[in-house]
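In what follows, a structure is listed as structure tokens, so that the remarks can point back to it.
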Amino acid sequence: MIDNLRYAVRQLFRAPTFTIVTILTLALGVGANTAIFSVIQAVLLHPSGVQEPERVASFHAKYTQLNLPIIGVSAPDFADARSMQSQVDAAALVQSVSYNATFDGRTQHLRVAKVSQQWFQVFGAEPIVGRTFLPEEDQNGAERTVVLSYAAWQRMFGGQHDVVDKKILLDDQSYRVIGVMRSDFAWPKGVELWTSLGLPPTAFTADNRFNESYNSVVRLKPGVSVAQFNAGIEQKRLEEIRREGTGGFTFGQSSGWGMFGQPWTEDAAGDLKKPLLALFAVVAMILLIACTNISGLMLARASVRMKEMAIRSALGASLRQLAMQFVVETALLAGTATMIGVLAGPLLGRLLLLAIPHDLARGFAVHTNLRVVLAAAGFGLLAAFLAGLAPVVQLARTHKSLRLAEYSKSSTAGAGRQRFRNVLVCTEIALAFLLVAGSGLFLASLRELQTVDPGFKSDAVMTGKVTLDATNYKGQDLKQVNFIHDVTERLSAQPGVVAAAAVFPAPFASSMHPSGSFQIVEKPTGPNDPGPHGDKVWATPGFLAAMQIPMLQGRWFSEEDRKDSPQVAVIDDMLAKMYWPGRSAVGGHLRLGGQNSPPVEIVGVIGHVRKDSLEVEENKGVIYRPMAQQPVGEAVFVVRTKMDPDVMRAPLVEAVRAVDSSEAVYDVQTLGSFVSDSLAARQLLVWLLTMFGGLALLLAAIGIYGLLSFTASQRTTEIGIRMALGAQRWQVVSLMLKESLVLIGAGIAAGLVLTFVAQRILIHSFAAMDSGLSLSLAVAAFCLLFAAALASIVPARRSASVDPVIALRNE
């Protein structure tokens, strides 16, 4: 083995160009795969700051009959999960809220998570200073305590280690600091502080069963799977259905209510999951192309070395000894490439994570660990196997027929070896075609999604969010109404403003979208009918003008729709079509708070508005209520201008500060940027696919160039004879190019088949993948032909420059 290693090193040093090209090509494939794997590990397998994430499950409710496949949970749902002590180690609830805090002389908005006592235990997260919540602190009416994130600790207290027991004001309420979390733990995403949830015992009564106001996570006991947890929680559901039935109330059964768990990493990854898995498949193809390319080069090198093999065979070398030489050389090349991949992969992964939009990448960090190193080693072994298989197989097929005389004058490759190299090049072309066409498909789908009508006009609109101080505004409806009114009036008076309004939640600009069941007074539901369901939105009179949403029937809200005036609502046309088919909904009445709630008159119907996605339409209708009649503690101000909307950034902040300086405006962005950000994952995928498609084109061109260069060198005698018999240079060039075009055509044909199959698969996972196929195929074919033409012309012209006298003399 040592002799083989020494000989392999000498052989590789004698061919520096081959060695460098091979190592760099393999390193590119191994490094790209390691980079993607390191990001997948950071996002899908082992997010930052979480111990044994495979044991953490997110807990959800669902209503199959109400088109609600996954939502939050109620306190009674959580109690069911927490009671499964044979399967659950810890369970926690969380509710995301916002607080205003004053420090550094100004009011700032903070993202806060109100959590139950076992939140940090579920994630296995330990503080670096102080402690987390005690059971007695998670009680209604207990002392207000807070745990700081690392970023908040640095920003608010300068990283002082004596921060424990210090006080901070949140919504004018004093909270005592009890701990600081590590810098790598910030779940839920973007949270800056954690406070105790402190639910009262009444929250867990049966009356709150279908009041899903929280999110939940559980840590399963070792060896317990999510499927086993779901089997246990299903028993709890059936018990509740039976209990509900004895009381004559069948909402749970009729609505298709259920509870289930799923791996928490799926919730944490969110919109990144599908793009990352698609990119992993892409870089796997890049590695395959690189290995195919290297296989062709090594096969060509092996053909040149057949004389050497014949000599060694004549001296008594066995097939095993000859094959081992190729295996050792391949292992050296792949080993060096793997070491480069181990070093470069995580670095490339960090760069890739930086390329991911901040909101998607928040909370994730790439680290080098044993799993990444093992993955890189695995990719290297795979590369070695794929790249070194071809010459070894070829040697095994020709070993018995090795004769020194056959290689004494010519090293011309046999037809079988040439066919095999042709197959390798065709494979490269087919995979490159698939990647280029796939990039075109995703680009076409992105362009189609960008033309989707969200139901409003997002151009020239600036938005800013305000969460009203709970201490000063909670329970004071008139004060809330006056604040919203005064801010919108100030914004409307700004030069160049067309319309200003407030809304909650705002389409594409809000993370929370309340929904609920309601009753139609004129159409009572039956005993087994769960009743209608819709999203809820609160808005002010200027909302339609600011968003340019069409009014289809009736009227929109006016300044006359106040707390003491008749209660009114406006619905969208999707809700109208669902529950008032073929007739007008205007004049109908709804009950929005149960059987005993007062009726609310429908006074208008407007166009449907998508709430947060251009890719997915949930087909849920919306009920709009006037903020003046039903105030809410959160608002998004929307301002439409005649100018660049960015000019309204400062006036929006100043308008809020002028009305109440204790309130903070946050997430001040144009509405168009929110709409664009909803396609961030698709845009990232298109950008990376385009980059990898270009890389695949380059590798395919290198493969074609290498094949034709080798073929030309092996056919020197033939070309010399043709030219001696009168063949012109252009005829020789034409001959070489025709043979190249046959290979390219075969590769493109195979690529067409692969692309059709891939599109059929992708269409089930990505929206708008049924458009742009013809154009994508045409562009991919043109790119391959152009790249192949560039790669073919140099070796073809070189072959036509052969001096027939020298070629025949060498033969």
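The values are calculated or read from the model by the stated rules, or taken from the named source; none is laboratory data. Owing to the predicted nature of the structure, the values given are computational and were not obtained by experimental measurement. Virtual Cβ from ideal backbone geometry, glycine too; neighbours counted across all protein chains shown. The accessibility values were calculated without ligands, DNA or RNA, using every heavy atom of the protein model including side chains. Shrake-Rupley method; radii C 1.70, N 1.55, O 1.52, S 1.80 Å.
At-a-glance table
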{"item": "Selected residue (criterion: surrounded by the most Cβ atoms within 10 Å (Cβ to Cβ)) from residues of region 265-283 that are in contact with a helix residue (DSSP H, G or I) (Cβ under 9 Å, 6 or more places away or on another chain) and of a type outside the set (A, V, I, L, M, F, W, C)", "result": "275"}
{"item": "Residue list for region 595-616, restricted to those being out of contact with any His (no Cβ under 9 Å at 6 or more places or on another chain) and either acidic (Asp, Glu) or free of Cβ contacts under 8 Å to residues at least 12 places away in the same chain (or both)", "result": "596, 597, 615"}
{"item": "Residues being out of contact with any Leu (no Cβ under 9 Å at 6 or more places or on another chain) and open to solvent by less than 40 Å² (accessible area, probe 1.4 Å) - total across region 575-584", "result": "2"}
{"item": "Residues of region 361-372 satisfying the condition of being under 17 Å from residue 49 (Cβ atoms) and either open to solvent by less than 40 Å² (accessible area, probe 1.4 Å) or at pLDDT below 75 (or both)", "result": "361, 362, 363, 364, 365, 366, 367, 368, 369"}
{"item": "Matching residues, region 35-73, being part of a helix (DSSP H, G or I), closer than 30 Å to residue 211 by Cα and open to solvent by less than 10 Å² (accessible area, probe 1.4 Å)", "result": "53"}
{"item": "Residue satisfying all of: in region 295-344; open to solvent by 40 Å² or more (accessible area, probe 1.4 Å) and under 13 Å from residue 5 (Cα atoms); modelled with the highest pLDDT among these", "result": "332"}
{"item": "Residue under evaluation residue 529, criteria (1) crowded, with 20+ Cβ neighbours inside 10 Å; (2) at pLDDT below 85; (3) not small (Gly, Ala, Ser), criterion not met", "result": "(1)"}
{"item": "Wholly enclosed helices (runs of 4 or more DSSP H) of region 209-286 bearing at least 3 residues among the polar types (S, T, N, Q) and out of contact with any Pro (no Cβ under 7 Å at 6 or more places or on another chain)", "result": "226-246"}
{"item": "Filter result for residue 190 (under 35 Å from the mean Cα position of the chain (by Cα) and surrounded by 14 or more Cβ atoms within 10 Å (Cβ to Cβ))", "result": "yes"}
{"item": "Residue satisfying condition, being buried (at least 16 other Cβ atoms within 10 Å of the Cβ) and either touching a residue at least 24 places away in the same chain (Cβ under 8 Å) or over 29 Å from the mean Cα position of the chain (by Cα) (or both), within set 211, 215", "result": "215"}
{"item": "Lone qualifier among 662, 713 - being in contact with a strand residue (DSSP E or B) (Cβ under 9 Å, 6 or more places away or on another chain), modelled with pLDDT under 85 and among the polar types (S, T, N, Q)", "result": "662"}
{"item": "Residues located in region 16-65, provided they are within 26 Å of residue 339 (Cβ to Cβ) and polar (S, T, N, Q)", "result": "17, 19, 22, 25, 33, 34, 38, 41"}
{"item": "Hey, residue 358 within 20 Å of the chain's Cα centre (by Cα), modelled with pLDDT under 75 and open to solvent by 20 Å² or more (accessible area, probe 1.4 Å) or not", "result": "yes"}
{"item": "Residue selected from region 467-499 under the condition of a type in the set (Val, Ile, Thr) and open to solvent by 50 Å² or more (accessible area, probe 1.4 Å), by the criterion nearest to residue 631 (Cα to Cα)", "result": "471"}
{"item": "Wholly enclosed helices (runs of 4 or more DSSP H) of region 74-176 bearing at least 2 residues touching a Leu at 6+ places or on another chain (Cβ under 8 Å) and either open to solvent by 10 Å² or more (accessible area, probe 1.4 Å) or of a type outside the set (Lys, Arg) (or both)", "result": "75-82, 150-157"}
{"item": "When residues of region 755-778 are limited to those that are in a helix (DSSP H, G or I) and open to solvent by less than 70 Å² (accessible area, probe 1.4 Å), the one modelled with the lowest pLDDT", "result": "773"}
{"item": "Selection count where residues are more than 30 Å from residue 471 (Cα to Cα) and touching a residue at least 60 places away in the same chain (Cβ under 8 Å), scope region 617-647", "result": "13"}
{"item": "Selected residue [modelled with pLDDT of 90 or more and open to solvent by 60 Å² or more (accessible area, probe 1.4 Å)] from 625, 649", "result": "649"}
{"item": "Qualifying residues in region 556-574 (those that are touching a His at 6+ places or on another chain (Cβ under 9 Å) and among the acidic types (Asp, Glu)) - the one most open to solvent (accessible area, probe 1.4 Å)", "result": "559"}
{"item": "Flag if residue 750 is modelled with pLDDT of 65 or more, touching a helix residue (DSSP H, G or I) at 6+ places or on another chain (Cβ under 8 Å), part of a helix (DSSP H, G or I) and surrounded by fewer than 19 Cβ atoms within 10 Å (Cβ to Cβ)", "result": "yes"}
{"item": "Strands (runs of 3 or more DSSP E) contained in region 588-657 and holding at least 3 residues of a type in the set (Val, Ile, Thr) and farther than 27 Å from residue 673 by Cα", "result": "600-606"}
{"item": "Where a residue in region 1-22 is open to solvent by less than 100 Å² (accessible area, probe 1.4 Å) and its partner, wherever it lies, is assigned to a helix (DSSP H, G or I) and at pLDDT 75 or above, with Cβ under 6 Å and at least six apart", "result": "4/328; 5/328; 8/328; 8/329; 8/332; 12/19; 22/294; 22/333"}
{"item": "Residue match in region 243-250 (condition: closer than 29 Å to residue 678 by Cβ and buried (at least 16 other Cβ atoms within 10 Å of the Cβ))", "result": "no"}
